[in-house]
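Following: one structure in structure tokens, then a few remarks.
All of the numbers you see were taken from the coordinates with simple rules; none came from a lab. Predicted model, so just to flag it, every value in this text is computed and none were measured. All Cβ positions, glycine included, derive from the backbone under ideal geometry; neighbour counts span all protein chains shown.
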Amino acid sequence: MTLIAKKLSSILHQIHSAELQAQRKSDSVALLAVSKTKPCIDLIRAYQAGQRHFGESYLQEALLKQKELANYQITWHFIGPIQSNKTRAIAEHFAWVHSVDRLKIAQRLSEQRPARMSPLNICIQVNISNEVTKSGFSLAELPEAIKRISFLPNIKLRGVMAIPQPETDFALQRMPYRQLYQAVKALNKPELDTFSFGMTGDLNAAIVEGATIVRVGSAIFGARVYK
């Protein structure tokens, strides 16, 4: 077993334990392996250990990986900031986008998703902690954003994504996720079934508060090295 396989197994065990503690169904939380900055061999090792969903933040890097790993049955998720001039390539090469932070981006993804492909799964990014350094819709803007994006063709609005302000206290970690989860559920839209919540540091809190996808990178692949 490779080191990546061991780390992957450890994270999956943590997710399963958190599901049990939260009295949730087993396998109700999916793991998205955040592979940005990591070489293809690392993705292959995770794939060989059973991982199929990988998240990338840098478009050109992701496109190169997709080409090199074309023979692997990988589901690609885009999770990084989106510039308007990158939407066409994202619409053409990904199955999921977690970081739709404004209406214009949703509209461009809708217009540029090829008709031959299945609808692009998207999550609305919510700036749940109202941080000036982060993009995304505010909680107050969310209902109108959902209403407008839901009607766009060629995309499928699946739910929301959030990266709250970092906290070390478990109760404080839970609070923003609970607030956003309850706000979405109050809209009574069963089709919004995806809550992309939680990373390595707050994974357990996110699962307690309804996460259906957790995004984990360094705990699987090791610390990132940025050029």
Exercise. Trypsin sites (Lys or Arg not before Pro) within the stretch 95-129: which are DSSP loop residues with at most 11 other Cβ atoms inside 10 Å?
Worked result: ARG116
Exercise. So what is the relative contact order for the chain, in percent, with contacts set as C-alpha pairs under 8 Å and at least six apart?
Worked result: 21
Exercise. For the chain, with only Lys/Arg (+1) and Asp/Glu (-1) charged at the beta-carbon, what is the dipole magnitude about the Cα centre, in debye rounded to 20?
Worked result: 500
Problem set entry | aspartates and glutamates whose Cα lies under 17 Å from that of LYS185, excluding same-chain neighbours fewer than 8 positions away | GLU141, GLU144, ASP193, GLU209
Seminar exercise, completed: From fewest to most C-beta neighbours within 10 Å, the residues MET161, MET1, MET175 line up as MET1, MET175, MET161
Exercise. Taking 1 over the mean of 1/r across every pair of different Cα atoms in the stretch 138-227, what Kirkwood radius in Å do you get?
Worked result: 14.3
For this session: Would you work out which of CYS123, SER150, GLN112 lies farthest towards the positive end of the dipole of the stretch 3-221? Charges go on Cβ: Lys and Arg +1, Asp and Glu -1.
Result: GLN112
Exercise. If all Cα-Cα distances of the chain are sorted into 10 Å bins from 0 onward, what percent lands in each bin, rounded to whole numbers?
Worked result: 8, 33, 38, 20, 1
For this session: Once you have a ≥ b ≥ c as the square roots of the Cα gyration tensor eigenvalues for the stretch 14-109, tell me rounded if a/c is under 1.5, and otherwise prolate or oblate according to whether a/b is larger than b/c.
Result: oblate
Seminar exercise, completed: Calculated from DSSP helices alone, with each H run of at least 4 adding -39500 (n - 2.57) and the total divided by the residues of the chain, [θ]222 nm to the nearest 500 comes to -11500 deg cm²/dmol
Seminar exercise, completed: With label points set 7 Å from each Cα along the Cα-to-Cβ direction at LEU3 and GLN179, the distance between them in nm comes to 3.9
Exercise. Which value, in debye to the nearest 20, describes the size of the charge dipole of the stretch 112-193 about its Cα centre when Lys and Arg Cβ atoms bear +1, Asp and Glu Cβ atoms bear -1, and nothing else is charged?
Worked result: 420
For this session: Give me the lysines in straight-line cross-link reach of LYS189: C-alpha distance below 26 Å, same-chain residues under 8 apart excluded.
Result: LYS25, LYS104, LYS147, LYS156
